[in-house]
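Every read-out reported here was derived from the displayed coordinates using simple, explicitly stated rules and does not represent laboratory data. No experiment lies behind these values; they were computed from the predicted model shown. Don't worry about glycine lacking a Cβ; one is built from the backbone with ideal geometry, like all the others, and counts go over all protein chains shown.
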Amino acid sequence: MWYKKWFYITECYWNNAFSYEKRCNLKWWAKIFVPSLIEWNINDIKFDDEIVFEEIENDKIQSHYWLKNLVKTSYKDKPVYIVDNHNHVLYFRYKEYLNKTIWKNNTLIHIDQHSDMNTPDELIDSSKEKNLEYIFEYVNFKTNVGNYIQPAIKSWLVQEAIQLRTEYMLYQIDKFQFKNHIILNIDLDFWAPELDHIDNNLKIEKTKYLMEKADLITISTSPFFIDQKLALEVLRKLFE
């Protein structure tokens, strides 16, 4: 609903806040692109040339690009949302909560190189959580890629968050007993080269096992943390 039209963020908030002043000093402006959402087949995804994340590395601006759109698709009739910057998924979880795909007190299974468990300065106002316009504004102007999970926990959309960030935890998956609706949260940076010590086929196998169990699947391509062509290769393997 609120991702029908793309827009730019030009001020110092959300993911545009990273190194904002330094970026402005180097090129007189700092902005990032927020794509619109479309329903699309996974095989039709194409790259675009808009900057969706920027940071300073070695005193130089590193610009990162993603796809032309955020994507809604499905996996065995389950809704799947594919985004670039991970905090977008918080909006789509609330959207599916209002659609009654999930309820409150879900189990979040988080496959990621990072925990994303920082707490933003402002949490969700529970009196407004059924207002998707409010959730959209909150996600895009109050959260970032590292702090979007705690708001869902504090508002009881998520009861528990299970972090899968190691080989050991991947081998524990078969022992999990799931009592609640499951939100599977996949960050494709789990397949970045620095985590190649964990077998990539094992990652695919265990992730696909959880995709079968999940009620809702959200996926981030994380432009800052993994080459997007590699991320897209992994994404397609998950849907084979």
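Can you put 220, 127 in order, fewest other beta carbons within 10 Å first?
Ranked by crowding around the Cβ, least crowded first: 127, 220.
Any of 68/104; 4/68; 4/27; 4/72 with alpha carbons more than 20 Å apart? Name them for me. Display every interim value, and only then the final one.
Values: 68/104 32 Å; 4/68 13 Å; 4/27 30 Å; 4/72 12 Å.
68/104; 4/27, as the Cα separations exceed 20 Å there.
In Å, the Kirkwood hydrodynamic radius of the chain over pairs of distinct alpha carbons? Can you show the working numbers first?
On the way: mean 1/r = 0.0550 Å⁻¹.
The answer is 18.2 Å.
From the Cα gyration tensor of region 130-240, with a ≥ b ≥ c the square roots of its eigenvalues, which class applies: rounded if a/c is under 1.5, or else prolate if a/b is larger than b/c, or else oblate?
Note, shape of region 130-240 comes out oblate.
Over the chain, what is the relative contact order in percent, taking alpha-carbon pairs closer than 8 angstrom and at least six residues apart?
Details: 440 pairs, mean separation 51.5, N = 240.
Across the chain, relative contact order equals 21 percent.
Quick one: among 77, 116, 215, which has the greatest mean-square fluctuation in a GNM of the chain with alpha-carbon springs under 10 angstrom?
Between 77, 116, 215, it is 77 that shows the largest mean-square fluctuation.
For the residues 45, 102, 61, what sequence is obtained by ranking on other C-beta atoms within 10 Å, fewest first?
If I rank by nearby Cβ atoms, fewest first, I get 61, 45, 102.
For residue 198 paired with residue 57, estimate the spin-label separation in nm (one decimal), with each label point 7 Å from Cα along the Cα-to-Cβ line.
Going by the 7 Å Cα→Cβ label model, 2.1 nm.
What shape does region 16-125 take by its C-alpha gyration tensor, where a ≥ b ≥ c are the square roots of the eigenvalues and a/c under 1.5 counts as rounded, a/b above b/c as prolate, and the rest as oblate? Walk me through the intermediate numbers first.
Details: a/c = 2.41, a/b = 1.50, b/c = 1.60.
In terms of gyration-tensor shape, oblate.
Quick check for region 118-194: number of Lys pairs with alpha-carbon distance under 28 Å, counting only pairs 8 or more apart or on different chains?
9
Name the residue farthest towards the positive end of the dipole of the chain from the options 115, 51, 140, assuming +1 on Cβ of Lys and Arg, -1 on Cβ of Asp and Glu, about the Cα centre.
140
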